[in-house]
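Below is one structure, written out as structure tokens; comments come after it.
No lab work stands behind these numbers, since they all come straight from the coordinates. These numbers come from a predicted model, not from an experiment. All Cβ positions, glycine included, derive from the backbone under ideal geometry; neighbour counts span all protein chains shown.
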Amino acid sequence: MKSAVFYGKHDLRVEQSSTPAPGPEEVLIQVKACGICGTDVHIYEGDKGAAEVNPPIILGHEFSGIITETGSEVKNFHAGDRVCIDPNCYCGACNFCRNGEVHFCENMIGYGTTENGGFAEYCTVNESQVYLLGEHTTFEQGAMAEPAACCLHGMDLCDIQPGCQVVIIGGGMIGMLMLQLAKLAGASKAALLEPVEKKRVMGKKLGADICIDPLHENVKERLKEAGMTWVRTVIECAGLPSTIEQAIDLAGNKGTVMMFGLTKPDAQISVKPFLLFQKELTLKASYINPCTQQRALDLIDSGRLDVQSMICKTIHLEQLEDVLRNPVLRAEGKYIVIPEK
């Protein structure tokens, strides 16, 4: 089968690999769509993602496809099923798993990080990680279920109550998902801070009450003009120290700052503890997607969560490295890899 194998920093090779055979509890999935994630970019650049990566390995953890073969002990799925996967497989036996904090599993398997993933024509996955696509969900939308599930976990931690005012910093794919989820959670007003005009236009389409260009407009004045005088939640989706510091500054009294964007591992921010004390702020972060995959799929299939609008282009495996190494291309939106030509 054709696959994109990661050998180390800036070394990704499209080559022929053996098609894997499913074990007793596994299914073989013909990959139809696999999203390019910011984590893939971090790994390609030699940084750590959510898990340690030991090359050579096939990356890609946001994927969907069709089951073509099932192991002898698989009970819940059949050949021909349209599915997507939750890439994070927990052991169920370590201290964290036994205490209900599965996403901190000490023995976690990550398809596309610690095990071969979806930047290939085929991938084997334990049936525990497989989810049926809804009848209205396309393969491209199914590939977006994993990032949507991660956003749902972050949104749960934000504890947005009906009537709250919310600011989202960053209008990439994650920011657009967070914007929609904030409105679904009951935010009375949601503002999007994004320097790229076409992303601000999309933000308005997806429910933003106000879109602000933070490079050329006075953010606080624009928020005040829009009646957003008590911002209870700021969700940072850009993953930059400067925008995290901005989020802390914009949060109102008793506010929550969700640091969702993935920074470089050695990034640091400057925080004034007195400001946290004075406003009684809560700083939070969100790690992967514990037990939120089905909720994400249900929202997508119902049409209440639009994951299609932020997909800018589908590409083939041969074009994957171009996107991973080119931030200008990635700025256009979400790329989905279609392994088969």
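Once both axes come from the Cα atoms, what is the angle between helix 241-250 and the longest principal axis of the chain, in degrees from 0 to 90, rounded to 10? Once rounded, the angle reads 50 degrees. Within the listed set P265, P56, P22, the residue fluctuating most in the Gaussian network model of the chain (springs between alpha-carbon atoms under 10 angstrom) is P265. Largest GNM mean-square fluctuation among V130, V323, V257, using the chain with Cα springs under 10 Å: V323. Straight-distance candidates among the aspartates and glutamates for linking to K205, with alpha-carbon spacing under 12 Å and chain neighbours fewer than 8 residues away dropped: D306. Between region 153-202 and region 273-292, what's the alpha-carbon centroid distance in Å? Answer, in whole Å: 16. Between the Cα long axis of helix 293-302 and the first principal axis of the chain there is an angle of about 80°, rounded to the nearest 10. Taken one residue at a time, the phi angles of region 330-337 give Karplus couplings (6.51, -1.76, 1.60, θ = phi - 60°) of 5, 5, 6, x, 7, 9, 10, 8 Hz. Gly and Pro are set to x.
Working from Cα pairs under 8 Å separated by at least six residues, relative contact order for region 242-341 is 22 percent. Out of every Cα-Cα pair that region 132-243 contains, those further apart than 16 angstrom amount to 58 percent. When +1 charges are put on Lys and Arg Cβ atoms and -1 charges on Asp and Glu Cβ atoms, the dipole computed for the chain relative to its Cα centre reaches about 1160 debye.
Here's how it looks for G134: its modeled amide H is under 5 Å from none belonging to a residue 5 or more places away or on a different chain.
Restriction of the GluC sites (Glu not before Pro) in region 225-284 to DSSP coil positions whose beta-carbon has at most 15 other beta-carbons within 10 angstrom yields E280. The C-alpha radius of gyration of the chain, expressed as a fraction of 2.2 N^0.38 Å, stands at 0.99. Working from Cα positions, state the angle (0 to 90°, nearest 10) between the long axis of helix 145-158 and the longest principal axis of the chain. In the chain, helix 145-158 runs at an angle near 40 degrees to the longest axis. For region 305-340 and region 127-145, compute the distance between their C-alpha centroids and round to whole Å. If we compute the Cα centre of each part, the gap is 18 Å.
Non-local lysine pairs in region 262-341, meaning eight or more places apart or on different chains, with alpha-carbon distances under 23 Å, amount to 6. Most simply put, the chain has about 55% antiparallel DSSP beta bridges, counting only bridges with both residues inside it.
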